[in-house]
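Written below as structure tokens is the structure these notes are about.
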Amino acid sequence: MTKSELIQRLAERNPHLLQRDAERIVATILEEITAALARGDRVELRGFGAFSVKQRAARTGRNPRTGEAVDVDAKVVPYFKTGKELRERLNGE
Amino acid sequence: MVGEQAVNDTITRAQLTEAVYQEVGLSRNESADLVESVLDEMSDSLIRGEMVKLSSFGSFQVRQKGQRMGRNPKTGEEVPILPRRVLVFRPSHVLKKRINDDPGATPEPMSAPSFASEGAIPEPDTSY
């Protein structure tokens, strides 16, 4: 399912909803999550999962093609942990 | 957990609902239902085994894991971990970039060398 399919399904399930509003709802949710992570905040959606950011220290990596050592800067990576309910539902529990 | 901070805020459905309410102009109740609806659509799709690809955000994919032996950390007893389905989130480049470009996400901002101090280095030495 792509973002446009998600928007379409949302609009279908809520017939009174304008397509434009369905688009804005999805965009707003994703933007809020992104902005929260950019601030270093955590996003906890019980039953679905939680988004957070993790720090990765600077390290010396290697160009796999040439074997040459390259410095990799410290960075922040997004992380998602599946919620209990979704994890159970994925396994038919 | 590595690198996790306790000081930051936690965003929940309430804040997503408020943002949708502000942004779209529906009632708060309806906004809350629609936030739930979006999460439901995503969950249902994943449970069907579909991948959920949200451009400029990331993709969620279901992976099948085989059986392996684990250990009860408390008793040391060996127990089989049954085959199961797990969800993997792969952030998009756009999301990764946003998170690294915003200094708020970095608890210890890198002190970038200022041009003033750099410029000071090649100043001609006039002491002789």
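The values are calculated or read from the model by the stated rules, or taken from the named source; none is laboratory data. These figures come from a predicted structure and were not determined experimentally. Using ideal geometry, Cβ is built from the backbone for each residue, glycine included, and neighbour counts are taken over all protein chains shown. Ligands, DNA and RNA are stripped out before the accessible areas are found, and what is left, the full protein with its side chains, is counted by its heavy atoms. Shrake-Rupley method; radii C 1.70, N 1.55, O 1.52, S 1.80 Å.
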Taking r as the C-beta separation of B:T12 and B:K65 and R0 as 30 Å, the FRET efficiency to the nearest 0.05 is 0.55
Across B:93-100, the residue-averaged tally of Cβ atoms belonging to other chains within 10 Å stands at 5
Averaged over residues of A:19-31, the number of beta carbons from other chains lying within 10 Å of each residue's Cβ is 6
Within the stretch A:1-21, the residues whose backbone N lies under 17 Å from a label point placed 7 Å from the Cα of B:D44 along the Cα-to-Cβ direction are A:1-17
The whole-number value in µm²/s of the Stokes-Einstein translational diffusion coefficient for chain A, with Rh from the Kirkwood sum over alpha carbon pairs at 20 °C and 1.002 mPa s, is 130 µm²/s
With every protein chain kept in place and a 1.4 Å probe, the residues B:F89, A:F48 fall, from largest accessible area down, as B:F89, A:F48
Taking every residue of B:56-68, the Cβ atoms of other protein chains inside 10 Å of its Cβ average out to 2
Note on the stretch A:43-93: alpha-carbon gyration tensor, axes a ≥ b ≥ c; rule is a/c under 1.5 for rounded, else prolate if a/b larger than b/c, else oblate; result oblate
